[in-house]
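Reviewing the structure listed below.
The values are calculated or read from the model by the stated rules, or taken from the named source; none is laboratory data. From a predicted model like this one, the values you see are computed outputs, not experimental measurements. Cβ placement follows ideal geometry from the backbone for every residue including glycine, while neighbour counts extend to all protein chains displayed. We work out accessible area using only protein heavy atoms, side chains counted, and drop any ligands, DNA or RNA first. Shrake-Rupley method; radii C 1.70, N 1.55, O 1.52, S 1.80 Å.
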Amino acid sequence: MSRAAFPRGKVTRIRRFLARRRVWAVSSLAFWLGFFLVLASGTSWAQLPDLSQLRQLQQQMQQQSGASGDFGSTPAVEPLPRDIVQRPEDRLPAVPLQRSRLETIMSARAGTDLKQFGYDRLGRGRSVVIPQMGAVDDGYILGPGDQIVVSLRGQENGEFRPVVDRNGQVVLPRISPIPASGRTLGDFRRDLQSAVHRAYVGTDASVAVGRIRQISVLVTGEVNNPGQRQISGLGSLVDAILLSGGIDKKGSLRNISVERNGQRHTVDLYGILTGQAAASDFRLADGDRILVPLLGPVVAVSGLVRRPGIYELPADRKAMSVSALVSLAGGQEVRGNYRLSL
């Protein structure tokens, strides 16, 4: 009978059936051959496994041989790492934020209810989701525990997955150790590609980060749950604050300092709250110390603005123009001429 007489689906099912029978026959032959070799070695009957154990062993051999799938199928691929979900240390139930004394005083002066800007989002702890899939940008700071994926293409082909060791170096065959800890991925990539060009003729290298390490940072000051935090190397300053219970209303959102290697960096979270900056603009590194100081000078705005509230002045500022304050409050709700009162 010609092949055209069978539908395509039936031909595929016949091929799969024959493939399963072929693999089953090979695994059965290997099983019984091994069984008779055990007998020939002089093992006593008391030491031999019973029938149920023999059947279980045969099933395991069939699974390892791929008898349950199609013949010639590719081996199972290791699943990609899922996103990491980290939760605050205290894990307290979500409750409404308590009204601060500052809010009570300013609301009484304005004759309307006013709230401190930003604490509804950063004033309480919550879980953070740190993605593990996708490319890591060149600004990522490497450290011990990061896994590097190096792919060689050209006269030499291969893939290596070294881990940054405790000395902060990456070691590859035929290449001198390359410093990695404390350096950005972009700088490390350029050095490694140059080393590959010198060690391997006509070979190019691509470099990526495979597995992200954990880093330890200390969060202190006006946060609800200060202490040491273990977060992903991709974690941001905001992630560390949220995992510490959030910032108390007595704490500043505009003058947060990060101490690293004896140097201090100031971060203004208003840029994140107003959409003018991303939370990942400032990269954390292992050993950073985050300090949330007391709240600085504040001003309030009420009336026909999109976001009435109490706003903290920028660091080292004692005043703010009316136009800047209205802009910070989202602008006028309805255009027109208004009489302003202080």
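Checking each residue in region 164-186 for being touching a residue at least 24 places away in the same chain (Cβ under 8 Å), among the charged types (D, E, K, R) and closer than 13 Å to residue 148 by Cβ picks out only 183. Within region 195-208, does at least one residue satisfy the condition of being open to solvent by 20 Å² or more (accessible area, probe 1.4 Å) and within 24 Å of residue 285 (Cβ to Cβ)? Looking through region 195-208, at least one residue is open to solvent by 20 Å² or more (accessible area, probe 1.4 Å) and within 24 Å of residue 285 (Cβ to Cβ). When we screen 187, 138 for residues that are in contact with a Gly (Cβ under 6 Å, 6 or more places away or on another chain), farther than 30 Å from residue 223 by Cα and either at pLDDT below 95 or not hydrophobic (A, V, I, L, M, F, W, C) (or both), the only hit is 138.
For (1) surrounded by 12 or more Cβ atoms within 10 Å (Cβ to Cβ); (2) at pLDDT 65 or above; (3) in a loop (DSSP other than H, G, I, E, B), each residue gets a yes or a no:
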| position | (1), (2), (3) |
| --- | --- |
| 88 | yes, yes, yes |
| 92 | yes, no, yes |
| 98 | no, yes, yes |
| 102 | yes, yes, no |
| 107 | yes, yes, no |
| 114 | yes, yes, yes |
| 120 | yes, yes, no |
| 126 | yes, yes, yes |
| 133 | no, no, yes |
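In this structure, does residue 290 turn out to be surrounded by 15 or more Cβ atoms within 10 Å (Cβ to Cβ) and either at positive phi or at pLDDT 90 or above (or both)? Taking the combined requirement at face value, the residue satisfies it. Restricting to region 164-184, and then to whatever is among the hydrophobic types (A, V, I, L, M, F, W, C) and surrounded by 16 or more Cβ atoms within 10 Å (Cβ to Cβ), can you tell me which residue is nearest to the chain's Cα centre (by Cα)? The selected residue is 164.
Here is a yes/no grid of residues against (1) out of contact with any Leu (no Cβ under 8 Å at 6 or more places or on another chain); (2) buried (at least 21 other Cβ atoms within 10 Å of the Cβ); (3) assigned to a loop (DSSP other than H, G, I, E, B):
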| site | (1), (2), (3) |
| --- | --- |
| 228 | no, no, no |
| 240 | no, yes, no |
| 253 | no, yes, yes |
| 257 | no, no, no |
| 272 | yes, yes, no |
| 275 | yes, no, yes |
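Considering region 148-163, and only residues there that are under 20 Å from the mean Cα position of the chain (by Cα), open to solvent by less than 30 Å² (accessible area, probe 1.4 Å) and touching a residue at least 24 places away in the same chain (Cβ under 8 Å), the residue that is nearest to residue 308 (Cα to Cα) turns out to be 148. Filtering region 215-225 to residues that are touching a strand residue (DSSP E or B) at 6+ places or on another chain (Cβ under 6 Å), buried (at least 17 other Cβ atoms within 10 Å of the Cβ) and closer than 15 Å to residue 294 by Cα leaves 219, 221, 222, 223.
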